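Just below is one structure, and these are the notes that go with it.
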Amino acid sequence: MIHYEIEQAGTGEGRRPDVGTRAEPAGWHVVNVFNADAVPMPLTFDTLDQALAYVARTSGTLRIVEVTDEGERMPVNRSTP
């Protein structure tokens, strides 16, 4: 079954751009939450609508990733219906 995870853009702390340049994110990192045993687990959603609602109410540079049972990850293109 497909599920959706949220990724957050890295801060780019490893390299600092010169003033006036466009800073690019250093990379994308899975947003984790802690389970009952305080173990970090990926924040997952069963439906795209749930993931979209989370992204809409959360600040930061986020993207939604579709994850298949085989572990394949594909960013969701939100520009098309």
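The values are calculated or read from the model by the stated rules, or taken from the named source; none is laboratory data. All values reported here derive from a predicted model rather than from experimental measurement. Quick reminder, even Gly has a Cβ in these numbers, built from the backbone with ideal geometry, and neighbours come from all protein chains shown.
Brief remarks follow.
- Residue among G12, G71 that is modelled with pLDDT under 90 and at positive phi: G12
- The stretch 43-65, residues that are out of contact with any Asp or Glu (no Cβ under 6 Å at 6 or more places or on another chain) and under 14 Å from H29 (Cα atoms): L43, G60, T61, L62, I64
- Residues (of a type in the set (A, V, I, L, M) and touching a residue at least 40 places away in the same chain (Cβ under 8 Å)) located in the stretch 25-56: L48, A51, V55
- Just so you know, in the stretch 18-39 the residues that are surrounded by 10 or more Cβ atoms within 10 Å (Cβ to Cβ) and in a loop (DSSP other than H, G, I, E, B) include one that is modelled with the highest pLDDT, and it is V31.
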